[in-house]
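Take a look at the structure set out below.
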Amino acid sequence: MSSPLPTDVLIIGSGAAGAAIAWRLSEQGVRVVCLEQGPWVLPAEHPHYSNEWEFELQRRWGRNPNVRQAPADFPISSTRVNPMLYNAVGGSTVHYNAHWPRLKPVDFRKGTEHGLEGSADWPISYEDLAPYYEQNDAIMGVSGIAGDPANPARSPRQTPPLPFGIHGRRIAEAFERLGWHWWPADNAIITEDYDGRVACVHCGSCRNGCPRGSLATVTWTYWPRALRNGVELRTHARVEQITLDEQGRANGAVYINLRTGERQQQRASLVVLCANGLGTPRLLLLSANAEHPDGLANSSGLVGRYLMHHAYAENTMIFSEPIDGFTGAYGAPILSQEFYDTDVERGFVNGFTFQIGRGMTASPAALGLPWGAAHRDAFAQLFNHEIWFSVQTEDLPIYDNFVALDRDHLDSSGLPGVTINWDVHPNDRKIIEFGVERARELADAAGALALETTGVADPSPAWHLLGTCRMGNDPTTSVTDADHQAWDVPNLYICDGSSFVTGGSVNPTSTIGALALRCADRILARA
């Protein structure tokens, strides 16, 4: 087993957190090596350039790694959850939708607010994270408009909001009729040229990646900066174990070169684990040893526990007339947080966000309809007549919703995959049912012909993988401290979606990036 030269900091995972930490540390002259088990994804490899577009969406660009089955993926076993993640440089920012809301101040103190089933206060506040939200926005590039009265004041966005289009204006008018709050949504999609990147051309294929860089993936934002600073990024490097020295301190990792099959050991003075809400607990459990028989950093027994991914109801309004829902960036033009906050008179705690998206482009619309003599008529009634939107709820962090190793299903290197045990909590089911009723009111106010809804989606779309290595102030009830350092293993930091204590009812990527910049600063302060 070969051993490259030691480095100051080893980062495992190159997604939203790993990239931001690599950049921030390298700005201060820290020597950084980052290991990523997937490849670089080049612009020409995106499905936009393929003659087999529809097939590519089910193959390399499938959202579920069980469908994709790339060499860098690991199997995920679950009958109730449909996970989305991408193992490559940039992680899941390679093909996310770039919706960019922030958590609210109340989201950091849910233990104080209601304290129901696993909910706890974060060890930090919104105010602690606010400057890092601002810094992350500036690097990623955000479209939107300041002044939303439902959220704390913040700086002007880097570019104007996405155009509403006919369908956006129609939904905004419906919110006005109902007297419900709405606001132009923030999206990490630039509507004007910014920081060397070109403006969005509104092709509508955002969820399949953006080969132009108009949608902010960290491959276009943080990684060019980090590489210029001298960070070494090794791809096709699957970590199988985090190693410890004789004093029990993290001192590197053993990884497999997926091209050659060779095992290598990278030594480092400090290790930062950023492998997402499934990959991070998986690696900690794989790193069990005589001193840590239940997995690294797991004396609390909470590694893999409290999995959250936002319970959803997906909805489609159908209109009799063309609505132009398919035109424009897939990023959400509008959101409403009218029902975000807890109102105990509704019979549940927490709430939801209405996230108004777009309609389908032609190919996905056609593929979703039955074939045969009636196909053309069905297509004519659906395509350009529908708008997708979600009821995105905050799901409670439940101890029995967890990730564990699955030794019956192995990755391409023979390492165990993961199994997900998850169910909808009755509180969260009530939120979704309440949200669907409000969706029907919104559809009526918009003059929709019909509303199609999944109700409580089953399997649940796990687009956001959160909470499985939560941070806290007590080593018996959390995996890391407020600075992301593992309680059990000095010099091991954990920072990604797994760090979340509660999930709010908004997309998490802007918060992950802000947490990462703060984590890097805490590493620098402690070092």
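Solvent exposure of E291, expressed as accessible area, is near 140 Å², computed with a probe of 1.4 Å over the protein chains only. Computed over the chain, relative contact order equals 23 percent, with contacts defined as Cα pairs under 8 Å that lie 6+ residues apart. Remark: the stretch 410-499 carries a charge dipole of roughly 120 debye about the Cα centre, counting +1 on each Lys and Arg Cβ and -1 on each Asp and Glu Cβ.
Where the alpha-carbon atoms of the stretch 351-462 are placed on the principal axes, they occupy 48, 36, 20 Å, in descending order.
Taken over the alpha carbons of the stretch 431-481 as equal point scatterers, the Debye sum produces base-10 log I(q)/I(0) values at 0.22, 0.24, 0.26 Å⁻¹ of -0.84, -0.91, -0.97.
Tell me the per residue accessible area of the chain using a 1.4 Å probe; a whole number in Å² is fine. The partial results should precede the final answer.
Details: 19180 Å² over 527 residues.
Ligands and nucleic acids excluded, the figure is 36 Å² per residue.
Charged side chains reduced to their Cβ positions (Lys and Arg at +1, Asp and Glu at -1) give the chain a dipole of some 1140 debye around its Cα centre. Listed values for the stretch 81-87 are Karplus-derived 3J(HN,Hα) couplings in whole Hz (6.51 cos²θ - 1.76 cosθ + 1.60, θ = phi - 60°), namely 10, 10, x, 10, 7, 9, 9, and x replaces Gly and Pro. Relative to one another, the C-alpha centroids of the stretch 1-52 and the stretch 246-282 are positioned 13 Å apart.
Here is how the number arises for the chain: DSSP H runs of 4 or more residues each give -39500 (n - 2.57), the sum is divided by the residue count, and the result at 222 nm is -7000 deg cm²/dmol.
Net charge in the neighbourhood of T361 (other residues with Cβ under 13 Å of its Cβ; Lys, Arg +1, Asp, Glu -1) is -1.
Highest mean packing comes first when the peptides 61-72, 496-507, 129-140, 98-109 are listed by Cβ atoms within 10 Å, giving 496-507, 98-109, 129-140, 61-72.
Surface composition of the stretch 401-473: carbon and sulfur make up 46 percent of the accessible area, probe 1.4 Å.
Computed from Cα positions, the angle between helix 165-178 and the longest principal axis of the chain comes to roughly 80 degrees. With θ taken as phi - 60° and the Karplus curve 6.51 cos²θ - 1.76 cosθ + 1.60 applied, the whole-hertz 3J(HN,Hα) list for the stretch 332-349 is 5, x, 9, 9, 10, 10, 4, 10, 6, 8, 5, 9, 5, 5, 7, x, 7, 9 Hz, x standing for glycine and proline.
Does the stretch 396-527 come out rounded, prolate or oblate by the C-alpha gyration tensor, with a ≥ b ≥ c the root eigenvalues, rounded set by a/c under 1.5 and, if not, prolate when a/b is larger than b/c and oblate if not? Present the calculation step by step, with values, prior to reporting the outcome.
On the way: a/c = 2.46, a/b = 1.68, b/c = 1.47.
Verdict is prolate for the stretch 396-527.
Seen against the Cα atoms of the chain and their longest principal axis, helix 276-286 is set at about 30 degrees.
The amide H of S77, built 1.01 Å from its N in the peptide plane, has V418, T419, I420 as neighbours under 5 Å, considering only residues 5 or more places off or on other chains.
How much net charge surrounds G144 when only other residues with a Cβ under 14 Å from its Cβ are counted (Lys, Arg +1; Asp, Glu -1)?
Values: positive: R102, R154, R157; negative: E134, D137, D148, D186, E192.
So the surrounding residues net to -2.
For the chain, the Cys residues with no second cysteine's beta carbon closer than 4.7 Å are C34, C200, C203, C206, C210, C274, C469.
Each Cα pair under 8 Å and six or more residues apart adds its sequence gap; the mean of these over the residue count of the stretch 141-190 is a relative contact order of 50 percent. For V501, enumerate residues with amide H under 5 Å from its amide H, sequence gap 5+ or separate chain, H modeled in the peptide plane. For V501, the qualifying residues are M471. A cut-off under 12 angstrom between Cβ atoms defines the neighbours of T280, and their net charge, with Lys, Arg +1 and Asp, Glu -1, is +1.
Sorting 5-12, 193-200 by their mean Cβ neighbour count within 10 Å, with the most densely packed peptide first, gives 5-12, 193-200.
Where a ≥ b ≥ c are the square roots of the eigenvalues of the C-alpha gyration tensor, would you call the stretch 78-133 rounded, which needs a/c under 1.5, or, failing that, prolate if a/b is larger than b/c, or oblate? Don't jump to the answer; show the numbers that get you there.
Details: a/c = 2.93, a/b = 1.42, b/c = 2.07.
Oblate shape, in that a/c is at least 1.5 and b/c is the bigger or equal ratio.
Between 0 and 90 degrees, the angle of helix 16-27 with respect to the longest Cα principal axis of the chain falls at about 50 degrees. Computed 3J(HN,Hα) for the stretch 506-515, one whole-Hz value per residue from the Karplus formula 6.51 cos²θ - 1.76 cosθ + 1.60 where θ = phi - 60°, is 9, 4, x, 5, 5, 6, 4, x, 5, 4, glycine and proline marked x.
Please state the shape class of the stretch 270-378: rounded when a/c is under 1.5, otherwise prolate if a/b exceeds b/c and oblate if not, all from the C-alpha gyration tensor. Please report the intermediate quantities before stating the final value.
Numbers: a/c = 3.06, a/b = 1.86, b/c = 1.64.
Taking the square roots of the gyration eigenvalues as a ≥ b ≥ c, the stretch 270-378 is prolate.
Calculate how many DSSP beta bridges within the chain are antiparallel, expressed in % of all such bridges and rounded to the nearest 5. Don't jump to the answer; show the numbers that get you there.
Details: 47 of 70 bridges.
Counting DSSP beta bridges with both partners in the chain, the antiparallel share is about 65 percent.
Remark on Y493: its backbone amide H falls under 5 Å from those of V271, V272, L273, A486, a criterion applied only to residues 5 or more positions apart or on other chains, H modelled at 1.01 Å from N.
The values are calculated or read from the model by the stated rules, or taken from the named source; none is laboratory data. Everything numeric in this text was worked out from a predicted model, so none of it was measured. Counting neighbours? That spans all protein chains shown, and the Cβs are built from the backbone with ideal geometry, glycine included. Surface areas here come from the heavy atoms of the whole protein model, side chains and all, with no ligands, DNA or RNA. Shrake-Rupley method; radii C 1.70, N 1.55, O 1.52, S 1.80 Å.
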